[in-house]
Amino acid sequence: MRRALGLARRGWGRTAPNPMVGAVVVRAGREVGRGWHQRAGAPHAEVHALNAAGDLARGATLYVTLEPCCTQGRTPPCTDAILRAGIVRVVAGCTDPNPRHAGRGFARLREAGLEVVEGVEEARCRQVNVAFFKWVTTGWPWVVLKLAMTLDGKIATAGGESRWITGPIARARVQRLRQWADAILVGGETVRQDDPALTVRVPAAWPRQPRRFVWTRRGAAAFPRELRIWDDPAQPPGFVAAQTPDDWRQWLGELGRDGITALAVEGGGELAAACLRAGIVNQVVVFVAPKILGGRDSRSAVGGPAPAALAAAIDLAHCTCRQVGADLLITGAIINNEK
């Protein structure tokens, strides 16, 4: 299953709104076929693995990170392909989270006489598709708040200079986050100050650029056409004026209906505060540089009104910390949000 998980991650950033899935066919203790879902509308991981195994699939075991589909969509049901191939045992990481499908694929295979084992490396198999799981069960995208700051919590000087707080390895990790995200949201001041393109630059010619949104009450007219957010006429930026929690929820619902499963919020401080206050952030990703900027007017990672008590602080769960180059990468989940 860990091998299948590694294969699933090869679909990173390419499969939405479908999940990342990996599959391995094993016969007599030897891998005879493997595959992963490569893009939405293309054959699923199970089909690639079974095709690679050919006749060796008969009598073999299929390891797959997600319950095989059993309905006709853009591709035929994977359960049919499994039965035709002669697989006798299926080991799955987790159940399909879609309430309309959950367990039906397993039931179909068991009815046909196959042995089915569920829940192997389940936590890891769920985590690799955390955005898909949320989107398919709630209709909202998974929201990641990304911050890059100094040790004293600053993201820019008082004048707005922010390039570069973190080092090249941390910035490469941000590019990987953008590969995964279906959409990116930044504040209007960030656009005016930094003129970001908000695209995946590494690797070059990445096939699937995220949609770009700007949080502002001033509308598109406030952003000159010379700014890089306008560089792609086929995909112009969207503008978001959400202020209240209900505004944000309505917008997330619109994104979900458009097939956006993962949203990266990249800055600045007032946008970060607004999203946290609205309760829409699911995960926080913080890059911390070994620098102290200081200055009461330097810009903080999270702005907004000052809380009256420490009890107003937002707690993070499932935190991790690792070094990326000279910087630290800290991640945590906000688990008490509405969705």
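The values are calculated or read from the model by the stated rules, or taken from the named source; none is laboratory data. Quick caveat, the model's predicted, so the values are computed rather than measured. Every residue, glycine as well, gets a Cβ built from its backbone with ideal geometry; the counts of neighbours run over all protein chains shown. These accessible areas exclude ligands, DNA and RNA; they are computed on the full protein's heavy atoms, side chains included. Shrake-Rupley method; radii C 1.70, N 1.55, O 1.52, S 1.80 Å.
For the reader, a short list of remarks on this structure follows.
- If you go through segment 263-283 and pick out every residue that is in contact with a strand residue (DSSP E or B) (Cβ under 8 Å, 6 or more places away or on another chain) and more than 14 Å from Val174 (Cβ to Cβ), you end up with 13.
- Here is the figure for segment 17-66: residues that are farther than 27 Å from Pro207 by Cα, free of Cβ contacts under 8 Å to residues at least 24 places away in the same chain and in contact with a Gly (Cβ under 8 Å, 6 or more places away or on another chain) total 1.
- Residue within segment 308-323 that is in contact (Cβ under 8 Å) with a residue 60 or more places away in the chain and part of a loop (DSSP other than H, G, I, E, B) present: no
- Options Ala131, Ala197, Ala156, Ala148; residue that is in contact with a Ser or Thr (Cβ under 7 Å, 6 or more places away or on another chain) and over 24 Å from Leu293 (Cα atoms): Ala131
- Look at segment 163-176: where a residue is at negative phi and in a helix (DSSP H, G or I) and a partner is of a type in the set (Lys, Arg) and open to solvent by 20 Å² or more (accessible area, probe 1.4 Å), sitting 6+ places away or on another chain with Cβ atoms under 9 Å, you get Val174/Lys146; Gln175/Arg201.
- Here is the figure for segment 53-80: residues that are over 29 Å from the mean Cα position of the chain (by Cα) and assigned to a helix (DSSP H, G or I) total 6.
- Only one entry of Arg277, Arg296, Arg257 meets the criterion of being open to solvent by 30 Å² or more (accessible area, probe 1.4 Å), without any contact (Cβ under 8 Å) to a residue 12 or more places away in the chain and among the basic types (Lys, Arg), and that entry is Arg296.
- Candidates are the residues of segment 199-210 that are farther than 18 Å from Pro17 by Cβ and not hydrophobic (A, V, I, L, M, F, W, C); the one that is surrounded by the most Cβ atoms within 10 Å (Cβ to Cβ) is Thr199.
- If you go through segment 126-152 and keep only what is among the charged types (D, E, K, R) and within 9 Å of Thr261 (Cβ to Cβ), you end up with just Lys134.
- Any hit, segment 226-244, residues being small (Gly, Ala, Ser), in contact with a strand residue (DSSP E or B) (Cβ under 9 Å, 6 or more places away or on another chain) and open to solvent by less than 40 Å² (accessible area, probe 1.4 Å): yes
- Filtered residues of segment 99-114 (kept if charged (D, E, K, R) and either surrounded by 13 or more Cβ atoms within 10 Å (Cβ to Cβ) or in a helix (DSSP H, G or I) (or both)): Arg104, Arg108, Arg110, Glu111
- Within segment 279-298, the presence of a residue that is closer than 20 Å to Gly188 by Cβ and not in a loop (DSSP other than H, G, I, E, B) is excluded.
- Only residues that are surrounded by fewer than 18 Cβ atoms within 10 Å (Cβ to Cβ) and polar (S, T, N, Q) were counted in segment 163-178, giving 1.
- Enumeration of residues in segment 12-29 that are over 20 Å from Glu121 (Cα atoms) and surrounded by fewer than 19 Cβ atoms within 10 Å (Cβ to Cβ): Pro17, Arg27, Ala28
- Selection within segment 213-225 - open to solvent by less than 20 Å² (accessible area, probe 1.4 Å) and closer than 17 Å to Ala197 by Cβ: Phe213, Val214, Phe223
- Yes/no for Thr150 being touching a residue at least 60 places away in the same chain (Cβ under 8 Å), touching a Gly at 6+ places or on another chain (Cβ under 9 Å), open to solvent by less than 30 Å² (accessible area, probe 1.4 Å) and β-branched (Val, Ile, Thr): yes
- Qualifying residue in segment 181-198 (condition: at negative phi, surrounded by fewer than 22 Cβ atoms within 10 Å (Cβ to Cβ), more than 14 Å from the chain's Cα centre (by Cα) and part of a loop (DSSP other than H, G, I, E, B)): yes
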